Amino acid sequence: MAQLPNTHRPGPLERLSPREREILPLVAAGKDNREIGQLLFISEKTAKNYVTSIRKKLELKNRTQIALFALKEGIIKLDDL
């Protein structure tokens, strides 16, 4: 009997690397690239690259949409902001 191809599509969060999942709530909380870099001991440029990657993988246009996504997915709560 022929097997069906694996049609499982990863959910939005599954597309993100562990580091991107670490950065996502920081972006949603309003941290800028410099602050993210300081918190995670990475350069501002590296933080920017991660934010851009998150935005592209989640097909979002800006940080506001990242924050709304994080709220919707329960990654952060309004009380966290």
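Things worth noting here:
- Residue among PRO12, PRO25 that is of a type outside the set (Val, Ile, Thr), under 26 Å from LEU78 (Cα atoms) and at pLDDT below 95: PRO12
- For THR7, the stated conditions hold: it is surrounded by fewer than 16 Cβ atoms within 10 Å (Cβ to Cβ), of a type in the set (S, T, N, Q), more than 26 Å from ASP79 (Cβ to Cβ) and modelled with pLDDT under 95.
Results for (1) surrounded by 16 or more Cβ atoms within 10 Å (Cβ to Cβ); (2) in contact with a Gly (Cβ under 8 Å, 6 or more places away or on another chain); (3) assigned to a helix (DSSP H, G or I); (4) not basic (Lys, Arg), shown as yes or no for each residue.
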| position | (1), (2), (3), (4) |
| --- | --- |
| GLU14 | no, no, yes, yes |
| GLU20 | yes, no, yes, yes |
| PRO25 | no, no, yes, yes |
| GLY30 | no, no, no, yes |
| ILE36 | yes, no, yes, yes |
| ILE75 | yes, no, no, yes |
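- Look at the stretch 54-81: where a residue is without any contact (Cβ under 8 Å) to a residue 40 or more places away in the chain and a partner is of a type in the set (S, T, N, Q) and in a helix (DSSP H, G or I), sitting 6+ places away or on another chain with Cβ atoms under 8 Å, you get ARG55/GLN65.
- Selected residue [closer than 25 Å to ARG9 by Cβ and surrounded by fewer than 15 Cβ atoms within 10 Å (Cβ to Cβ)] from LEU58, LEU68: LEU68
- Close pairs (7 angstrom Cβ cut-off, 6 or more residues apart or separate chains): within 13 Å of ALA67 (Cβ to Cβ) and of a type in the set (Asp, Glu) in the stretch 9-28, at pLDDT 95 or above and not in a helix (DSSP H, G or I) anywhere: none
The values are calculated or read from the model by the stated rules, or taken from the named source; none is laboratory data. All figures in this text were calculated on a predicted structure; none of them were measured in a lab. Because the Cβ atoms are built from the backbone with ideal geometry, glycine has one as well, and the counts that use them run over all protein chains shown.
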